[in-house]
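Engineer: Got a structure for you, questions after.
The values are calculated or read from the model by the stated rules, or taken from the named source; none is laboratory data. Given the structure is predicted, the values throughout are model-derived calculations rather than measurements. Reconstructed Cβ throughout: ideal geometry from the backbone, glycine too, with neighbour counts over all protein chains shown. Side chains included, ligands, DNA and RNA excluded: accessible areas come from the protein's heavy atoms. Shrake-Rupley method; radii C 1.70, N 1.55, O 1.52, S 1.80 Å.
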Amino acid sequence: QVQLVESGGGLVQAGGSLRLSCAASGRTLRTVGWFRQAPGKGREFVAAISWSGDITPYASSVKGRFTISRDNAKNTVYLQMNSLKPEDTAVYYCAARSGSGLGVTDFGSWGQGTQVTVSS
C-alpha cells in the first residue's frame, strides 16, 4: 500500500504563493490528485497528474494559477499555487487514484492534509 504525506502549507497574504508537496512511500505512484476542503464544505477536486505527467486536468477555479507537477524519481507530486485568494483557504489533501474519474470517490490512500490559509 502507498502512504502519502502532504507538506508545504502555511499562512500567506492574498496574491502570494505556496508550493505543496505530496511524498509517497511503499508503492510507485500512478495518477495522483490534489483535493481541498474548506470549513463547512465538501472535499473539492483541485488538480491531478498522470504517471507520465502528460495529462494534468485542473478545476476551473484554479486553472491558470496552480500548476501540478511530479518527480517520479523522488515519488513526489507538487502543487505550485500562485495568485492565491482567500477562497483558496482549505486543508489540502493528495490522494492516489483508484477509479476512472476525478471525483473524491475515484481516489484512495489519502494523506493527512496540510492547511493553507490565505488572508485578505
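Engineer: Condition first: surrounded by 20 or more Cβ atoms within 10 Å (Cβ to Cβ) and either without any contact (Cβ under 8 Å) to a residue 40 or more places away in the chain or of a type in the set (Gly, Ala, Ser) (or both). Now tell me which residues in region 64-110 satisfy that.
Structural biologist: Across region 64-110, the qualifying residues are Phe66, Ile68, Ala90, Ala95, Ala96.
Engineer: Conditions first: (1) of a type in the set (Gly, Ala, Ser); (2) open to solvent by 60 Å² or more (accessible area, probe 1.4 Å); (3) farther than 27 Å from Ser119 by Cα. Gly53 passes all but one, so which condition is the exception?
Structural biologist: Here Gly53 clears every test but (2).
Engineer: Applying the selection to region 34-43, what residues are in contact with a helix residue (DSSP H, G or I) (Cβ under 9 Å, 6 or more places away or on another chain), over 15 Å from Val118 (Cβ atoms) and not in a loop (DSSP other than H, G, I, E, B)?
Structural biologist: Filtering region 34-43 down to residues in contact with a helix residue (DSSP H, G or I) (Cβ under 9 Å, 6 or more places away or on another chain) leaves 35-36, 38, 42-43.
Pick out the ones that are also over 15 Å from Val118 (Cβ atoms) and you get 35, 42-43.
Residue satisfying the conditions is Phe35 alone.
Engineer: Just one of (1) farther than 22 Å from Gln13 by Cβ; (2) open to solvent by less than 20 Å² (accessible area, probe 1.4 Å); (3) in contact (Cβ under 8 Å) with a residue 60 or more places away in the chain trips up Ala59, so point out which.
Structural biologist: (3)
Engineer: Scan region 34-44 and tell me whether some residue there is under 14 Å from the mean Cα position of the chain (by Cα), among the small types (Gly, Ala, Ser), within 21 Å of Gly10 (Cα to Cα) and open to solvent by less than 40 Å² (accessible area, probe 1.4 Å). Give the steps one after another, and end with the answer.
Structural biologist: Start the filter on region 34-44 by keeping residues that are under 14 Å from the mean Cα position of the chain (by Cα), which leaves 34-38, 43-44.
From what is left, the residues that are among the small types (Gly, Ala, Ser) are 38.
When the remaining residues are screened for being within 21 Å of Gly10 (Cα to Cα), the result is 38.
After this cut, where a residue has to be open to solvent by less than 40 Å² (accessible area, probe 1.4 Å) as well, the list is 38.
Yes, some residue in region 34-44 is under 14 Å from the mean Cα position of the chain (by Cα), among the small types (Gly, Ala, Ser), within 21 Å of Gly10 (Cα to Cα) and open to solvent by less than 40 Å² (accessible area, probe 1.4 Å).
Engineer: Pull up region 23-33, narrow it to residues that are of a type in the set (Val, Ile, Thr) and not in a strand (DSSP E or B), then point me to the one that is most open to solvent (accessible area, probe 1.4 Å). Give the derivation first.
Structural biologist: Taking region 23-33 as the starting set, the residues that turn out to be of a type in the set (Val, Ile, Thr) are 28, 31-32.
Filter once more, so that each one left must be not in a strand (DSSP E or B): 28, 31.
On the way: Thr28: 97, Thr31: 30 Å².
Out of the qualifying residues, it is Thr28.
Engineer: Could you give every pair whose Cβ atoms fall below 6 Å, whose first residue belongs to region 1-22 and is outside any strand (DSSP E or B) and open to solvent by 50 Å² or more (accessible area, probe 1.4 Å), and whose second residue is modelled with pLDDT under 95 and not β-branched (Val, Ile, Thr), counting only separations of at least 6 or pairs across chains?
Structural biologist: That search, which allows pairs on different chains as well, returns Gln1/Gly26; Ala14/Ser120.
Engineer: Which residue out of Ser21, Ser17, Ser25, Ser60 is modelled with pLDDT under 95 and either in contact with a Leu (Cβ under 8 Å, 6 or more places away or on another chain) or over 21 Å from Ser120 (Cβ atoms) (or both)? Before you say what the answer is, go through the steps one by one.
Structural biologist: Numbers: Ser21 fails: modelled with pLDDT under 95; Ser17 fails: modelled with pLDDT under 95; Ser60 fails: modelled with pLDDT under 95.
Step by step, each of Ser21, Ser17, Ser25, Ser60 is checked, and only Ser25 is modelled with pLDDT under 95 and either in contact with a Leu (Cβ under 8 Å, 6 or more places away or on another chain) or over 21 Å from Ser120 (Cβ atoms) (or both).
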